[in-house]
Amino acid sequence: MRKILLAMLVASFWGGSVWAQEQTDLGRIVVTPSRDTEAAAGAPAYVKVITADDIAASGALTVADVLAQEPGVHVFNKGSLKNTTLDIGGYNDAAVSNVLVLLNGRRLNPSDSSGPDLAQIPLDAVERIEVIRGGASVLYGDNAVGGVVNVITRQGREALAGSVGMELGSYGQRKESAQVSAGSRGITVYALGSHEETNGYRANNRFRASDGEFRIDGGAASLLRLGVEAGWHEDHYGMPSGLSLAQIDTLGRRGTRKPEDNGDTRDRFIRFTAAWTPVDPSGDFGTVSLDYAHRDRDIYGVVYYPPTDFEATKTGTLNDSAGLKYRIDGTIAGRKAGLVTGVDMAHDGSQTLDQYYNPNPAWSSYQDILISRQEQGYYARGEYALLERLTADIGARHEKADYTFNNRGTATKTKAAPRETLWGGGLKYDYAPGSNVFIRTDETFRFLNTDEWFSRWTGLNTTLRQQAGIDYRMGVKHAVGEVAEVRVTPFLTRNKQEIFLDPTVYPGNNGNYGRTQRIGVDAGNAFHLAPFMQQGWLKIADINLDYTYLDARFKGGAFDAKKIPLVPEHQLAIGFDAMTKAGLSWHMKARYMGAQFGINDDANTKPVLKPSIVTDTRVGFQLNSGWETFVGVNNIFNERYYDYLAYGTGTSTRVDYYPAMGRNYVAGVKCRF
């Protein structure tokens, strides 16, 4: 690591003799597409920024709620907030490993298949959410196959400010939060604390969570900026399980056949960042950024198998990650150019203790597994203005990982060392302010999760291969002044050796499917009506219409031409937002989700999840004194639908439906100071 740091620092000084940095007023910015700040207005159509105002108007209570309102983003859960999956690109259960989730650029995806925990991100702390649809493996490495979601939290401000708030809702929902921001002489501090709980829509659906976050940033903007960020999260939750249609008739949609299954999580992290911009009379040298993060996570769960069996699992994971990035913007031959290059490093170590017990006849199984993964990724991406408005970019990445599997129960130790080199690039033409067309190609990859290599049922399987793919996208974003915006992005994604759960054997084996293909289009329109209405009392009147078509299929093999389960072919959302200058606001959104085959129905022979239409609304009022209040109704028309459907593997005839929440109410009040 020392050699890498030294080499990058030398490169930063050498690069200064070639480039001349330019300063621009970015206004609203986006950081995820290039791993550095750029103007949001110039971002291509496959990039979406959800602002703090958008979040406030949405009526959402969690980050998952916000993302669920975005077409092309399929959010589903298995009866609990802790089992929420975020899918971009049509990867069903495997989306936890094919969609990268970041928190201020820090990875939340663990090295196993448990997936990023969206419940640990308090919505009150969120400044904006940036969503990239499509492959981004060149810049971000593992997991960035279907897309990237980067949640950006609030920073402190110079003036003392803060808020306290409370929310109450159906099914015993309650949330309290407080946040404060302060600063002086270039140093800012932000802190947040929150607690939420709910009994949930179904029996054994309780959820209790507490969160804390602290952030301090400071330094001379033109020289050295330093930051420290820390947070903790604790929760306890029930797991109500799925129900067959017969059980729904007997127990009702809110019932459960697993009244005792439960779990707990404890998650802590700390992160240090530094950004250095050298100043020298002979020229500018760009910016060198360093960051280091440590994460400590413990998960405990117990699952009962009536009448007498149970399985208890405890997993402790330590993660250390570090990154070094060099960024410079300037000119070459009189044309704008930019370069970002760096290295990402991570080390994950986990211990899983798993006990399965059957008292009749007396039998038990005990596993003690130590798994470690060390990963390094080296990347570079350059941009160059071929013409005044035509920009080309090209990038490459080399990723390597080293796994060690230590089964202490059998005294066996095995290693694996996958490697991957890939590239990506594209063209973007800015033909008018806020308007552009683009075309790009990006190679993608995903390394096996630690628990995909190894399971308690099949042991270690080193014959599995790493997943690789390629993503093609082209599109247009057209802005009509500040009145309207239209976005259309057709895409094609092809994967080789896609990692999936083979449903033909019980309890399902991890395997590789030779080829898969996803073809579709993302389209959206935003209309800002207030300028046309010319009403002095009206501040905002927006209509948003978004649609996603996605055809995801297996190619060749046993399921040739069959649709990939739990991937809706059609998603549609229509929203309306209005706000008066007096502070009264109204939000309404309707979402259509198309039919989907159930998980493990890769042959497409069983009943599907039926289409659903869910409509939510919220009315709020802001007073000049700093008080805010709102009331909302979700699922206004009490649509009876299911979030998730799974069929048994092998010869099992099991069917599990997961009923979604019916009509529910929420109200809240907040005081800002």
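The values are calculated or read from the model by the stated rules, or taken from the named source; none is laboratory data. For clarity, every value in this text was computed on a predicted model and none was experimentally measured. In this analysis, Cβ positions are derived from the backbone assuming ideal geometry, glycine residues included, and neighbour counts consider all displayed protein chains. Just so you know, the surface numbers come from the protein's heavy atoms only, side chains and all, with ligands and any DNA or RNA stripped out. Shrake-Rupley method; radii C 1.70, N 1.55, O 1.52, S 1.80 Å.
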Looking only at segment 182-199, count every residue that is in a loop (DSSP other than H, G, I, E, B) and either open to solvent by 50 Å² or more (accessible area, probe 1.4 Å) or at pLDDT 95 or above (or both) and tell me the total.
2
Can you name every residue in segment 636-659 that is in a loop (DSSP other than H, G, I, E, B) and either in contact (Cβ under 8 Å) with a residue 60 or more places away in the chain or closer than 19 Å to L123 by Cβ (or both)?
R640, G648, T649, G650, T651, S652, R654
For segment 540-577, give me each residue that is of a type in the set (A, V, I, L, M), open to solvent by less than 30 Å² (accessible area, probe 1.4 Å) and touching a Ser or Thr at 6+ places or on another chain (Cβ under 8 Å).
A552, I564
Please specify each residue of segment 110-120 satisfying the condition of being out of contact with any Asp or Glu (no Cβ under 8 Å at 6 or more places or on another chain) and of a type outside the set (G, A, S).
P116, L118
So which residues in segment 537-582 are assigned to a strand (DSSP E or B) and charged (D, E, K, R)?
K539, D542, D546, D551, R553, K555, K563, D577
Looking for something in contact (Cβ under 8 Å) with a residue 60 or more places away in the chain and not basic (K, R) - is there at least one such residue anywhere in segment 303-310?
yes
Out of A275, A333, sole residue that is open to solvent by 20 Å² or more (accessible area, probe 1.4 Å), more than 30 Å from D235 (Cα to Cα) and touching a residue at least 24 places away in the same chain (Cβ under 8 Å)
A275
Taking the criterion of being assigned to a strand (DSSP E or B), among the polar types (S, T, N, Q), over 20 Å from T153 (Cβ atoms) and at pLDDT below 95, would at least one residue in segment 218-231 satisfy it?
no
Considering only residues of segment 241-267 that are within 30 Å of L102 (Cβ to Cβ) and open to solvent by less than 60 Å² (accessible area, probe 1.4 Å), which is farthest from the chain's Cα centre (by Cα)?
N262
With the structure loaded, tell me whether A396 is of a type in the set (A, V, I, L, M, F, W, C), within 26 Å of A333 (Cβ to Cβ), open to solvent by less than 60 Å² (accessible area, probe 1.4 Å) and within 26 Å of the chain's Cα centre (by Cα) or whether it fails that test.
yes
Just wondering, is there one or more residues in segment 591-607 that are hydrophobic (A, V, I, L, M, F, W, C), buried (at least 19 other Cβ atoms within 10 Å of the Cβ) and more than 24 Å from the chain's Cα centre (by Cα)?
no
What residue, among those in segment 87-128 that are in contact with a helix residue (DSSP H, G or I) (Cβ under 6 Å, 6 or more places away or on another chain) and modelled with pLDDT of 95 or more, is surrounded by the most Cβ atoms within 10 Å (Cβ to Cβ)?
Y91
Within segment 449-486, how many residues turn out to be open to solvent by 40 Å² or more (accessible area, probe 1.4 Å), charged (D, E, K, R) and either within 24 Å of the chain's Cα centre (by Cα) or under 24 Å from F527 (Cβ atoms) (or both)?
3
In this structure, does Y513 turn out to be surrounded by fewer than 17 Cβ atoms within 10 Å (Cβ to Cβ), in contact (Cβ under 8 Å) with a residue 40 or more places away in the chain and aromatic (F, W, Y)?
no
Please find, within segment 161-181, the residue that is most open to solvent (accessible area, probe 1.4 Å) out of those that are in a loop (DSSP other than H, G, I, E, B) and touching a residue at least 60 places away in the same chain (Cβ under 8 Å).
Y171
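Test S350 against the criterion of being within 25 Å of the chain's Cα centre (by Cα), crowded, with 17+ Cβ neighbours inside 10 Å, hydroxyl-bearing (S, T, Y) and under 30 Å from K258 (Cβ atoms), and give yes or no. Before the answer, list the steps.
Working: within 25 Å of the chain's Cα centre (by Cα): yes; crowded, with 17+ Cβ neighbours inside 10 Å: yes; hydroxyl-bearing (S, T, Y): yes; under 30 Å from K258 (Cβ atoms): yes.
It is true that S350 is within 25 Å of the chain's Cα centre (by Cα), crowded, with 17+ Cβ neighbours inside 10 Å, hydroxyl-bearing (S, T, Y) and under 30 Å from K258 (Cβ atoms).
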Among (1) in contact (Cβ under 8 Å) with a residue 40 or more places away in the chain; (2) closer than 22 Å to I540 by Cβ; (3) in a strand (DSSP E or B), N624 falls short only on (3)
Are any of the residues in segment 559-581 over 26 Å from T444 (Cα atoms), modelled with pLDDT of 90 or more and out of contact with any Phe, Trp or Tyr (no Cβ under 9 Å at 6 or more places or on another chain)?
yes
